[in-house]
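The values are calculated or read from the model by the stated rules, or taken from the named source; none is laboratory data. All values derive from a computational prediction rather than experimental measurement. Because the Cβ atoms are built from the backbone with ideal geometry, glycine has one as well, and the counts that use them run over all protein chains shown. Only protein heavy atoms, including side chains, enter the accessible area calculation; ligands, DNA and RNA are left aside. Shrake-Rupley method; radii C 1.70, N 1.55, O 1.52, S 1.80 Å.
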Amino acid sequence: MTHKLLLLAGDGIGPEAMAEVKKLIAVMNEMGHAFETEDALVGGCAYDAHGAAIAEVDVAKAMAADAVLFGAVGGPKWDGVPYDVRPEAGLLRLRKDMDLFANLRPAICYPALASSSSLKQEVIEGLDILILRELTGGVYFGEPKTITDLGNGQKRAVDTQVYDTYEIERISGVAFELARTRKNHVTSMEKRNVMKSGVLWNEVVTATHKAKYSDVKLDHMLADAGGMQLVRWPKQFDVIVCDNLFGDMLSDVAAMLTGSLGMLPSASLGAPDEKTGKRKALYEPVHGSAPDIAGKGIANPIAMIASFAMCLRYSFDMVAEADRLEAAIASVLADGLRTKDILSDGMREVGTAEMGDAIIAKFREAA
Ligand code: NAD
């Protein structure tokens, strides 16, 4: 079966990181897999070409693809462009049109990097947790969203935190299903002590668990306590599920447990298609376009390669290949190869392409 991938490399280091995934895809095709790829523009480069952060025809290609691989967008060159066509608008458009409501951010500590975390080695070594963030609802989108001039020298800003039952049901369903493929444990985090949306969140997660997923262990934790526990003893968690706002913050905290931005992959998934059961999906590194290092050949491609590993796992059910790719990354790090962002004493500094080549060689060797 052919797997159709749309590659949106974007701006800055996006194309450099994507180039390593393209090499890997070519090698996998030589090994007998059947990936069909198409490139398109997104972000600042799309604005330069079409005056929009993504062309309509490319949105349609993303909707039709089995999965989208996304690099990064933005940079100082486009700081002055109108708000609705700024580079990030391309990503937001894709998230909205593809209805990507579930954002998966793993925080894995590779053994070779455990000593470079800001936490003690024993706290972080062997960490493998997954933060699941609701991505299309909550306070970032709720209406009203206003700043009103009160006329007395004061202004009032309002954001609205709003969740409907179905939104909580579907994100918690994803959490329980993911947990079944891992350590079978979900921790739901909200603020039911002070927020009505937290009360409903707690109720719906509990009811969804009882109705369909009672084989999975479920814990509830207040989001502030959860933040504290994440830095105290993160290994107590397996899958953490939370709303858009808490998920944004807690996933960044979890991310930094493991070191550089250049190491962190993510996946955003939509609802399963009624006919095929396939979910729309977009895979991207957590980092941005890193204009400070773009074009120098020194960007760390691991976040992009690990995003492709997530694509193999979640879009194509290629679990063995995903495991092998993640093991190849761990093995290259254990050999002491480091890009500049993760360099430490006694390690060998390599550029983007050399890191990519080393990972691909290990992946091929282990086949
Ligand atoms: P950034 O993630 O681009 O960079 C932050 C720092 O981390 C920089 O010093 C950078 O050199 C370093 N870094 C990031 N990725 C790296 C990698 N793979 N290898 C080595 N070092 C890496 O964030 P920023 O500087 O705040 O933003 C730069 C631009 O990216 C802005 O235009 C921002 O809007 C955009 N951005 C885009 C996305 C996205 O496309 N999803 C996400 C965040 C920021």
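Taking the stretch 56-80 and a reference point 7 angstrom along Cα→Cβ of D273, the backbone N atoms nearer than 20 Å belong to 57-70. Under a 5 Å amide H cut-off, with hydrogens placed 1.01 Å from N, D99 pairs with nothing among residues at least 5 apart or on other chains. Note on the stretch 58-168: lysine pairs with Cα distance below 30 Å, sequence gap of 8 or more or different chains, count 6.
The 3J(HN,Hα) values that the Karplus relation (6.51, -1.76, 1.60; θ = phi - 60°) gives for the stretch 266-274 are, in residue order, 8, 9, 10, 10, x, 6, x, 5, 4 Hz. Gly and Pro appear as x. Backbone geometry of the stretch 275-280 corresponds, through the Karplus equation with coefficients 6.51, -1.76 and 1.60 at θ = phi - 60°, to 3J(HN,Hα) couplings of 7, 9, x, 7, 8, 5 Hz, x marking Gly and Pro. With each run of n ≥ 4 DSSP H residues scored as -39500 (n - 2.57), what mean residue ellipticity at 222 nm is computed for the chain after dividing by its residue count and rounding to the nearest 500 deg cm²/dmol? So the helix-based figure for the chain works out to -12500 deg cm²/dmol. A cut-off of 5 Å between modelled amide H atoms, ignoring neighbours fewer than 5 places along the same chain, links T339 with V350. In whole percent, and with a 1.4 Å probe on the protein chains, what portion of the accessible area of the chain is carbon and sulfur? About 54 percent, which is the carbon plus sulfur part of the accessible surface.
Using θ = phi - 60° in the Karplus curve 6.51 cos²θ - 1.76 cosθ + 1.60, the 3J(HN,Hα) couplings for the stretch 115-123 round to 6, 9, 6, 6, 8, 5, 3, 5, 6 Hz; x is entered for Gly and Pro.
Charge dipole of the stretch 90-166 (Cα centre as origin; +1 on each Lys and Arg Cβ, -1 on each Asp and Glu Cβ, all else neutral): 280 debye, rounded to the nearest 20.
The average projected area of the stretch 152-268, computed from the convex hull of its Cα atoms over all directions, is 9.6 nm².
Annotation: Cα Rg of the stretch 1-117 relative to the compact-globule expectation 2.2 N^0.38 Å equals 1.20. Per residue, the chain exposes 44 Å² of accessible surface when a 1.4 Å probe is rolled over the protein heavy atoms with every protein chain present. Three principal axis extents describe the C-alpha atoms of the chain; from largest down they are 59, 49, 48 Å.
As a rough guide to protection, the peptides 154-160, 57-63 ranked by mean Cβ packing within 10 Å, highest first, stand as 57-63, 154-160. Once backbone amide H atoms are built at 1.01 Å from N, Y213 has no partners under 5 Å, excluding neighbours fewer than 5 places away on the same chain.
Placing a pseudo-label 7 Å from each Cα along the Cα-to-Cβ vector at Q121 and D252 gives an inter-label distance of 3.0 nm. For the pair M1 and A157, the difference between a 0.36 nm per residue extended length and the Cα-Cα distance amounts to 51.0 nm.
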